[in-house]
1. Go ahead and estimate [θ] at 222 nm for the chain from helices alone: -39,500 (n - 2.57) per DSSP H run with n ≥ 4, summed, over the residue count, rounded to 500.
2. Which FRET efficiency value, to the nearest 0.05, do you get for residue 224 and residue 271 by plugging their Cβ-Cβ distance into 1/(1 + (r/R0)^6) with R0 = 51 Å?
3. List the lysines whose Cα lies under 19 Å from the Cα of residue 70, skipping any in the same chain that are fewer than 8 positions away.
4. DSSP loop (so not H, G, I, E, B), at most 10 other Cβ within 10 Å: list which trypsin sites (Lys or Arg not before Pro) in region 189-277 pass both filters.
5. Among 165, 142, 115, which residue has its Cα furthest toward the positive end of the charge dipole of region 16-175, with +1 on Lys/Arg Cβ and -1 on Asp/Glu Cβ?
6. What does region 1-102 give for Rg and for Dmax, in Å, if only its C-alpha atoms count?
7. Just name one of 224, 81, 18: the one whose Cα is farthest towards the positive end of the charge dipole of the chain (beta-carbon charges, Lys/Arg +1, Asp/Glu -1).
8. What distance in nm lies between label points placed 7 Å from Cα along the C-beta direction at residue 44 and residue 177?
Amino acid sequence: MQRTKGAQSIVFAEAPYIMSSASVVGKKESEGPLGELFDTFDETNLFGEETWELAEGVMQREACVRALHKANVTPEQVRYLFGGDLLRQGIATSMGAESLQIPLFGLFGACSTSGEALALAAMCVAAGYGERMLAVTSSHFGTAEKEFRFPLSYANQRPLSAQWTVTGSGAFLVGNKKSNVKIAGLTIGKIVDYGLKDSQNMGACMAPAAADTIAVNLKDMGRSPEDYDRIITGDLGYVGQSILLDLMRKRKIDLTQNHMDCGMTIFNQQTQDTHSGGSGCGCAATTLAAYILPKLRTGEWKRVLFVPTGALMSTVSYNEGESVPGIAHGIVLEHEPSGKKQEVE
């Protein structure tokens, strides 16, 4: 069973494991620095469908199927599925997960959803509610622009503080069977709102929540930043990272040596014209599956703090002039030397 630690954290007495993972991305992501690491991509971003929304559902289904296949697990052997996306009523998740027929918890944590899903999956496994849980999330540039900003056909101008929503989905099979990566602990974040209203500067909106969760994790766990090989935020981008580092300095915590941001990693800022970097649920999820977990599996990294970040806004709240609150969840991932290696295709 798990035990609470400090104000907001959990340390697992018997840690659950990430048994397998998979990543599915679009064309732009496949052309970025991590392009060769993703499991598969689609040149058209439509994945054989006629709408962006259906395409995003296909990405989720494909990521889930690939993660299950790598672990030689069938959908019937998974107790619960925790999934979410950025769209109203979580339609990408419902359309993508329907054919799997796994009991579903639909989640919304904006771009922090991968952390929320992993945390709940880990807690359920640790509590004995099932041997295997599936966590999945996704985002799509076309669906996000239509939902939150302007349809692509408008060809609107984007400010330099804006980020490029990642077209991608990441899926993770969490279970009690040993692997090379264990979920050693969690720090569940609180909603933090500094009153910012600019939806084209989500890094600034999310950075305070990331700072809060990281500081709480270090205090609850009795650790310093140096106890982690990397402290990894989900999608603050270049603007958000500078704010995060400033906020942490005010708390007398220096992250300059080991901070990494998925939004700054998944694209090449100089050649791909993404302004402040990547964003979206798929940003942290695909980077975790394709880049972070392999380094933990091999033991290159022994322990990381994975902190997906989310801007909790909707079209209604934005149009009514409300601020954009942020949230971030911390997942402590550790290398397990004696664990079973992930199966590969």
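Every read-out reported here was derived from the displayed coordinates using simple, explicitly stated rules and does not represent laboratory data. All figures in this text were calculated on a predicted structure; none of them were measured in a lab. Backbone-built Cβ (ideal geometry, glycine too); neighbour counts: all protein chains shown.
1. Dividing the helical sum by the residues of the chain leaves -9500 deg cm²/dmol.
2. 0.90
3. Partners within reach: 177, 178, 182, 295, 340, 341.
4. Passing sites in region 189-277 are 252.
5. After comparing all options, I get 115.
6. 16.4, 49
7. 224
8. If labels sit at residue 44 and residue 177, their model points lie 3.6 nm apart.
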